[in-house]
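The values are calculated or read from the model by the stated rules, or taken from the named source; none is laboratory data. Values in this document were obtained by computation on a predicted structure and should not be read as measured data. Here the Cβ is made from the backbone with ideal geometry for all residues, glycine too, and neighbour counts use every protein chain on show. Note: accessible area is taken over every heavy atom of the protein model, side chains too, but ligands, DNA and RNA are not part of it. Shrake-Rupley method; radii C 1.70, N 1.55, O 1.52, S 1.80 Å.
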Amino acid sequence: MLVYSSTRIRYILFIFNLIFVVTGITLLAVGLVIENEYKEYATFLDHRFFSAPSLLVVVGTIIFFIAFFGCCGAIRENHCMVMTFSALMGTVFVMELIAGITGYALCEDTIDVLRGTLNSTMMEYPHDKGYAKIWDELQSSLQCCGSDNYSSWYRVLNNSLPMSCCGPEYGAIHSVTCNHTLPNFYNAPCLDSLGSVIKEHAVTIGASGISIAFVQLLGVVFACRLARSIHVQYESV
């Protein structure tokens with residue numbers, strides 16, 4: 001009965017290791033995609049927003065190496081390797097929980113952080129071509145205007161608006177200016193638009209980290225049971 005039980009657990013653990021590889025790829029992909037997205041808005045974010053996706057990338061990479069111990073330990077019924085696998089997966093479980101909780105926590109800070117950086121960088125628009133390019137790209141890509149609303153630009157540009165607050169006017173052959181009465185005007189505040197993007201990514205990080213962590217916790221439980229079965233078998237020989 002003990003042999004049957006350990007054999008069954010061994011194969012279940014082997015299947016879980018295949019699942020771990022898939023979850024590792026998932027975490028790696030999610031981390032890289034979000035990290036790349038954050039880099040596009042790096043001017044408006046602080047380092048805390050990059051820590052969670054970076055942690056997912058690290059964890060996703062580590063899982064590939066941990067799965068080796070799990071597969072070898074399960075197939076060879078090596079008590080030491082199975083226990084090493086359990087300890088490593090326990091550590092990864094904690095890291096994923098940290099990444100997930102950090103992702104959700106960042107949702108609460110997103111608007112406050114963005115409001116400060118958006119307002120401060122707007123003031124540099126007339127003086128710095130780099131900030132002007134970043135703001136023009138931000139407003140064009142998210143179809144927004146100003147931090148809180150389009151009137152935020154009035155104190156910066158002397159009651160004028162940058163052309164990036166308006167969409168392209170096709171077929172225009174005359175001098176074109178942007179104002180809030182035009183049909184192609186971007187009326188959405190950039191604080192809301194960018195905040196929604198960052199919050200969505202933060203929730204994705206949180207959901208990915210926490211949900212996958214609990215799936216992997218089952219693998220730790222099976223590994224511990226297999227290690228116990230192997231230990232009992234060796235004691236009975």
Confirm whether residue 217 is modelled with pLDDT under 85, under 30 Å from residue 28 (Cβ atoms) and surrounded by fewer than 17 Cβ atoms within 10 Å (Cβ to Cβ). yes
For the range 40-50 the number of residues that are at pLDDT 85 or above and open to solvent by 30 Å² or more (accessible area, probe 1.4 Å) is 4
With the range 57-176 as the region, which helices (runs of 4 or more DSSP H) entirely inside it contain at least 2 residues that are modelled with pLDDT under 85 and surrounded by fewer than 17 Cβ atoms within 10 Å (Cβ to Cβ)? 79-122
Give the residue that is farthest from residue 96 (Cα to Cα), with candidates limited to residues of the range 30-39 that are in contact (Cβ under 8 Å) with a residue 24 or more places away in the chain and open to solvent by 50 Å² or more (accessible area, probe 1.4 Å). 37
